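**Q** Below: one structure in structure tokens.
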Amino acid sequence: MPAKNYASTRFSGLDQINASNVKKLRVAWTVSTGHDRGHEAGPLVVGDTMYFVTPFPNDLIAIDLNNPGSVKWVYRPRELATSAQGVACCDVVNRGAAYANGKIFFNALDGRTCAVDAKSGKEVWVTHVADYPHGETITMAPLVVKNKVLVGNSGGEMGVRGWVTALDAETGKLAWRAYNTGPDKDVLIGANFHPFYDSDKGKDLGVTTWPHDAWKIGGGTMWGWISYDPDLDLLYHGTANPGPWNPELRKGDNKWTAGIFARRPDNGEAIWFYQWSPHDTFDYDGINEQLLLDLRIGGEPRKVLVRPERNGYMYVLDRATGQVLSADPYAYITSTKGVDLKTGRLINDPSKAPGTNKLASDICPAAPGAKDWQPSAFSPRTGWLYVPHQNLCMEEEGAEVNYIEGTPYVGANVKMFAGPGGHRGEFDAWDPVLRKKIWSIRENFPVWSGALATAGDVVFYGTLDGWFKAVHARTGQLLWQIKLSSGIIGQPITYKAPDGKQYVTIAAGVGGWAGAIVSGGLDPRDPTAALGFVNAMSDLPKATNKGGVIYTFGLP
Ligand code: CA
């Protein structure tokens, strides 16, 4: 699975490549994907085959590891709707595939989930789950739990209504769907729902915490990561920002957006919920990765969920109950003043709230948050998280906006810029028990790639201008780097090949929201392009060029 395991640690026990010899890494083989939009996916290795999903048109490429660099087959979903590209907010990325029971599962941008025979590349089933003319797309990597393929939608900037859906892995038939706004019966909230905090208790809060009917076009999509605890039999998924961005148009807590659900995989029923950002005013989608760890907190062993959240706080939650055990800033924050551990609520700064024709300035973190979708890793050898993230602030002004199906529903003008220090990215080691940063690497551009930690005490990540780096897990010391043909927004992996040797793979291919100025050829003179991200990235086109290439590195 993309995150390596259900706990989403992205930690590999392989140690042939280690802190002493990583400097000898060299290119073993490459495969061009033939596509030039943002490559956010991590490859999967199953047996002697590597699988990779490209951005739209979502080719599933199978690479033969017995004959490295040779392509076994390519599966492309049939009759792809090219107009789906027009409703994708921020490039036409795909975040990867999942494997189970001889099949590869992945999502196509135009709203379909595909199951493909892992050996032959033949289609097993395709299920239409999202409606792109309505503004829904799919970019996330599915997770397979108990023979169910879990999928969520994108389109929070298009006035869609968020959901998570489970499909039968053998047939593709709908098992259940849970909406993230609306009446309890749609959200699959029933007798077994026990949120920890009072503000999440009550009937039909997904309706009553919105102005009349606003929940029907209120966002709360699920385009990020899902984790699963087999012992508690709970799956965990976040929910994205409420829409539109202009908060005046949706007074209230806007449940169940910008939060996290624990659900039963069998029927989807909600067990608990916690809201990171009630009445979110900054596009702080709550869909980041959650790492399920067993840690000693205050001397006691606790089953926790660690979430580097978009709003800038590193949360540690009891994953059985949803109680917040700690929430500490891991980035520069002006937008809020902390988290009240008694009520669980984020403490807002009213002076930072944008409104219609009301400009709020120096909002940190900016709309992509202190960290966006790019997943962290955790090493049990150090006990630390490795967190790729941004150092961006913004100004935001609300604007009038009317809902028109299948068109942007944002109502805000945004300009982003570098945070304090002038660097736009960071790569940090964070101790979730001591609740502090251990070391930090400053990067010129936002670090939009995932992280990988290994038993060789090496941590890998990539930069938007194309440097693929290995750093020491304990010190952050740069051990090795190589400049690739395009900026890196993918997820590094490591694996043992049929020849018995360890390799490291990363896809280059700049793009995504941060790199859309390059992959989408956006005009650097328009600061509000890409929802204001272009203002912070006008120098990226000089630093890298587009084009997808899968790179694999090995020792000589
Ligand atoms: Ca969003």
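**Q** What is the residue count in region 158-188 for residues that are in a loop (DSSP other than H, G, I, E, B), of a type in the set (D, E, K, R) and in contact with a strand residue (DSSP E or B) (Cβ under 8 Å, 6 or more places away or on another chain)?
**A** 1
**Q** So which of Asp362, Asp349 ends up being of a type in the set (Asp, Glu) and either modelled with pLDDT under 95 or over 18 Å from Leu531 (Cα atoms) (or both)?
**A** Values: Asp362 fails: either modelled with pLDDT under 95 or over 18 Å from Leu531 (Cα atoms) (or both).
Just one listed residue meets the conditions, Asp349.
**Q** Residues in region 161-168: is at least one on the phi < 0 side of the Ramachandran plot, away from the ligand (no atom under 16 Å from the Cβ) and surrounded by fewer than 18 Cβ atoms within 10 Å (Cβ to Cβ)?
**A** yes
**Q** Of the residues Ala412, Ala367, which is within 16 Å of the ligand (Cβ to nearest atom), over 27 Å from Ser8 (Cβ atoms) and among the hydrophobic types (A, V, I, L, M, F, W, C)?
**A** Ala412
**Q** Still on this model: Specify the residue that is nearest to the ligand (Cβ to nearest atom); the eligible residues are those in region 118-160 that are of a type in the set (D, E, K, R) and closer than 25 Å to Asp229 by Cβ.
**A** So, considering only residues that are of a type in the set (D, E, K, R) and closer than 25 Å to Asp229 by Cβ, the one nearest to the ligand (Cβ to nearest atom) is Lys148.
**Q** Regarding Ala240, is this residue within 21 Å of Ala130 (Cβ to Cβ), touching a residue at least 24 places away in the same chain (Cβ under 8 Å) and not charged (D, E, K, R)?
**A** yes
**Q** If you don't mind, there's one more thing I want to ask. Give Ile226, Ile271 a once-over and let me know the one that is buried (at least 19 other Cβ atoms within 10 Å of the Cβ), more than 16 Å from the ligand (Cβ to nearest atom) and farther than 30 Å from Trp513 by Cα.
**A** Ile271 is the lone residue from the list that is buried (at least 19 other Cβ atoms within 10 Å of the Cβ), more than 16 Å from the ligand (Cβ to nearest atom) and farther than 30 Å from Trp513 by Cα.
**Q** Here's something else I'd like to know. Would you pick out the residues in region 472-528 that are in a strand (DSSP E or B), touching a Leu at 6+ places or on another chain (Cβ under 8 Å) and of a type in the set (D, E, K, R)?
**A** Correct list: Lys496 only.
**Q** Could you list, in sequence order, the residues of region 229-268 that are within 16 Å of the ligand (Cβ to nearest atom), in contact with a Phe, Trp or Tyr (Cβ under 7 Å, 6 or more places away or on another chain) and aliphatic (A, V, I, L, M)?
**A** Ala240, Ala258, Ile260
**Q** Is it fair to say Asp328 is acidic (Asp, Glu) and either within 16 Å of the ligand (Cβ to nearest atom) or in contact (Cβ under 8 Å) with a residue 24 or more places away in the chain (or both)?
**A** yes
**Q** Also, quick follow-up: Would you mind finding the one in Arg250, Arg296, Arg302 that is touching a helix residue (DSSP H, G or I) at 6+ places or on another chain (Cβ under 6 Å) and basic (Lys, Arg)?
**A** Criteria check complete, one pass: Arg250.
**Q** Out of Ala3, Ala7, Ala19, Ala41, report the one residue that is farther than 24 Å from Gly520 by Cβ, out of contact with any Pro (no Cβ under 6 Å at 6 or more places or on another chain) and surrounded by 22 or more Cβ atoms within 10 Å (Cβ to Cβ).
**A** Criteria check complete, one pass: Ala3.
**Q** When you go through Leu232, Leu205 one by one, which is the residue that is surrounded by fewer than 16 Cβ atoms within 10 Å (Cβ to Cβ) and under 23 Å from Gly152 (Cβ atoms)? Working first, answer last.
**A** Working: Leu205 fails: surrounded by fewer than 16 Cβ atoms within 10 Å (Cβ to Cβ).
Just a single option satisfies the conditions, and that option is Leu232.
**Q** Tally up the residues in region 64-114 that are surrounded by fewer than 24 Cβ atoms within 10 Å (Cβ to Cβ), in a loop (DSSP other than H, G, I, E, B) and among the basic types (Lys, Arg), please.
**A** 2
**Q** Hey, can you tell me all the residues within region 3-38 that are more than 20 Å from Asn94 (Cβ to Cβ) and of a type in the set (A, V, I, L, M, F, W, C)?
**A** Of everything in region 3-38, those that are more than 20 Å from Asn94 (Cβ to Cβ) and of a type in the set (A, V, I, L, M, F, W, C) turn out to be Ala7, Phe11, Leu14, Ile17, Ala19, Val22, Leu25, Val27, Ala28, Trp29.
**Q** Then there's this: Which residues, counting only those in region 287-300, are more than 10 Å from the ligand (Cβ to nearest atom) and either within 16 Å of the chain's Cα centre (by Cα) or closer than 30 Å to Gly243 by Cβ (or both)? Before you say what the answer is, go through the steps one by one.
**A** So in region 287-300, the residues more than 10 Å from the ligand (Cβ to nearest atom) come out as 288-300.
Residues satisfying the conditions are Asn288, Glu289, Gln290, Leu291, Leu292.
The values are calculated or read from the model by the stated rules, or taken from the named source; none is laboratory data. Bear in mind the structure is a predicted one, so any value in this text is a computation, not a measurement. Because the Cβ atoms are built from the backbone with ideal geometry, glycine has one as well, and the counts that use them run over all protein chains shown.
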